[in-house]
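Peer 1: One structure, as structure tokens, below. Some questions next.
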Amino acid sequence: MKIGVVIFPGSNCDHDMIYALGHILGHEVVELWHKDHDLQQVDWVVLPGGFSYGDYLRSGAIARFSPIMAEVVQHARRGGYVLGVCNGFQVLCETGLLPGTLQHNLSHRFVCQNTYLRLAHPEHPFTAGLESARPYKIPVAHGEGRFYADEATVKQLEDQGQILFQYCDAEGRVSEEANFNGSVAQIAGVSNAGQNVIGMMPHPERAADPNLGNTDGRALLESFLMAAGQTA
């Protein structure tokens, strides 16, 4: 599978993602600069974490207007696969490819720690390769990670099975105590209605190498890629 990782000014998780997808999972990975107009016929587009354009205005607000994003939007509308992680999730929400917004954590502090995720809809194609009852330990690093959508949108996400992950504790219990950033309905990741665009705040690429003592993120990435009919 050929995967393109978009690099914006301020991206700082791009090489982590390239390493995880290329070196760990063995896929062909190309770098896509934010001023490019050519996606190089990739199967997947990945928007990595970081601080695109210094997070001026708000996270993802300027990156949304980068030339490459017009191509990413068209790719998604044609049914192409797109993954946004952390800042990439914020960019996808700014483009309208994903519902909702990412707002300041309720603590108004940057949070960098391990957290736990549980599948919200195990039947979703992106999570079909994961264990439904198991909590996955995935790192987070964000100051604006609180997912928000109005009540009608959240109900639609629930009804259509678009909520991928919710924050939980180490035993897999979804609760407000585990909801460290205050996200509505404990939401940590969602997909679009077409099930070809996904966004999540936690960083699976930071939990993909055995040398880090945690490969839960590798399981997530493998499951995402299998959604396109490919095996990692």
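None of the figures in this text is laboratory data; all of them are computed from the coordinates on show. Quick caveat: nothing in here was measured; it's all calculated off a predicted structure. Here Cβ is always computed from backbone atoms with ideal geometry, including for glycine, and neighbour counts include all displayed protein chains.
Peer 1: How big, in percent, is the set of alpha carbon pairs in segment 62-184 lying more than 21 Å apart?
Peer 2: Everything past 21 Å amounts to 44 percent.
Peer 1: A follow-up question, please. How much mean residue ellipticity at 222 nm does the chain get from its helices, if each DSSP H run of length 4 or more adds -39500 (n - 2.57) and you divide by all residues, to the nearest 500 deg cm²/dmol?
Peer 2: That calculation yields -5500 deg cm²/dmol at 222 nm.
Peer 1: R0 = 45 Å: FRET efficiency of His108 with Gln195, Cβ-based, nearest 0.05?
Peer 2: Efficiency for this residue pair is about 0.85.
Peer 1: Taking only the Cα atoms of the chain, how large is their convex hull per residue, in Å³?
Peer 2: Hull volume over Cα atoms, normalised by residue count, gives 108 Å³.
Peer 1: Sticking with this structure for a sec: Take peptides 32-42, 139-149 and line them up by average Cβ neighbours within 10 Å, highest first, as a rough protection proxy.
Peer 2: So the order, starting with the most tightly packed, is 139-149, 32-42.
Peer 1: On to the next question. Around His104, what is the net charge, scoring Lys/Arg as +1 and Asp/Glu as -1 over all other residues with Cβ under 14 Å from its Cβ?
Peer 2: Net of charged neighbours comes to +1.
Peer 1: Okay, moving on. Under 29 Å from the Cα of Lys2, which lysines turn up, not counting those fewer than eight places away in the same chain?
Peer 2: Partners found: Lys35, Lys137.
Peer 1: Determine the relative contact order of segment 2-226: mean sequence separation of Cα pairs under 8 Å and six or more apart, normalised by residue count, in whole percent.
Peer 2: Result for segment 2-226 is 19 percent.
Peer 1: Would you mind calculating the gained length between Gln41 and Arg77 on full extension (0.36 nm times residue separation, minus the Cα-Cα distance), in nm to one decimal?
Peer 2: 11.5 nm
Peer 1: Oh, and also: In percent, how large is the relative contact order of segment 73-183, given Cα pairs closer than 8 Å and 6 or more residues apart?
Peer 2: Value for segment 73-183: 30 percent.
Peer 1: Ok, one more. Listing Ser183, Ser132 from the residue with the fewest other Cβ atoms within 10 Å to the one with the most, what is the order?
Peer 2: Listing Ser183, Ser132 from fewest to most nearby Cβ atoms yields Ser132, Ser183.
Peer 1: Name the long-range amide H neighbours of Thr115: under 5 Å, sequence gap of 5 or more, or other chain; modelled H, no Pro or chain starts.
Peer 2: Ile138, Val140
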